[in-house]
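A short write-up of the structure that comes next.
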Amino acid sequence: MRELKDKIDKSWTLFIDRDGVINKRLPDDYVKSWSEFEFLPGVLESFKIFSGKFGKIIVVTNQQGVGKGLMTEEKLKDIHNNMIHEIEKHGGRVDAVYYCTDLKNKKNNCRKPSIKLFENAISDFPGISPEKSIMAGDSASDIEFGKNAGIFTVSIGNDKIDADLSFGSLKEFADYIK
């Protein structure tokens, strides 16, 4: 059987978590403004590699800092717009960002591991196939999200979670599929 990296082409979709994968996670806090956002090493180069491989690249992120009133949804959109702009400036792309501002304790919330963000992406991009999708994330909820959606899972920087593949960083994953 061919390795995963040999199967990936423009018919595939990469779902990717934000905090702890794309940018530095702030301990016991939230990235509340662009000035607090810091790309992790190798991420911008990784997106350039992903853009050459995947047909769609979609960021899926839980952002309950908005739900807690620590930041506005406008600030969150500003962070994402700046993030996308920087990625594009370095030769990469993000096709969409889906986020959930619900609090953890809200009933029927859209937070990962719920697949509501995945369903939103499929609604907007009907060509997405679970069989040709990968979820890359650093938390158990990211990997559970991927499994709940029936997609391949990749752990980034956390080998203690049960993913299909595990890498120390996003750059290591990008180098693997290059």
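Counting only residues that are under 24 Å from residue 113 (Cα atoms) and not in a strand (DSSP E or B), the range 12-36 holds 15 of them.
For the range 14-27, the count of residues that are farther than 19 Å from residue 157 by Cβ and under 16 Å from the mean Cα position of the chain (by Cα) is zero. For residue 140, the requirement of being surrounded by fewer than 20 Cβ atoms within 10 Å (Cβ to Cβ) and within 25 Å of residue 171 (Cα to Cα) is met. Applying the set (1) among the hydrophobic types (A, V, I, L, M, F, W, C); (2) modelled with pLDDT of 95 or more; (3) more than 15 Å from residue 57 (Cβ to Cβ) to residue 161 leaves exactly one unmet item: (2). Scanning the range 94-136 for residues that are in contact with a helix residue (DSSP H, G or I) (Cβ under 6 Å, 6 or more places away or on another chain), among the aliphatic types (A, V, I, L, M) and not in a strand (DSSP E or B) yields 94, 103, 115, 128. Scan the range 35-81 for residues that are surrounded by fewer than 15 Cβ atoms within 10 Å (Cβ to Cβ) and closer than 24 Å to residue 120 by Cβ and the total you get is 8.
Take the conditions out of contact with any Asp or Glu (no Cβ under 6 Å at 6 or more places or on another chain), within 28 Å of residue 175 (Cβ to Cβ) and of a type in the set (A, V, I, L, M) and apply them to residue 57. Does it pass? No. When 155, 133 are screened for being over 25 Å from residue 79 (Cα atoms) and surrounded by 15 or more Cβ atoms within 10 Å (Cβ to Cβ), only 133 passes.
Filter the range 137-178 down to residues that are among the polar types (S, T, N, Q) and in a helix (DSSP H, G or I) and give me whichever is farthest from residue 41 (Cα to Cα). Among residues in the range 137-178 that are among the polar types (S, T, N, Q) and in a helix (DSSP H, G or I), the one farthest from residue 41 (Cα to Cα) is 148.
Residue pairs whose Cβ atoms lie under 6 Å apart, sitting 6 or more positions apart in sequence or on different chains, and linking a residue in the range 46-60 that is small (Gly, Ala, Ser) to a partner that is surrounded by fewer than 19 Cβ atoms within 10 Å (Cβ to Cβ), are 46/171; 51/93; 55/10; 55/11.
The values are calculated or read from the model by the stated rules, or taken from the named source; none is laboratory data. All values reported here derive from a predicted model rather than from experimental measurement. No Cβ is skipped: glycine too gets one built from the backbone with ideal geometry, and neighbour counts run over all protein chains shown.
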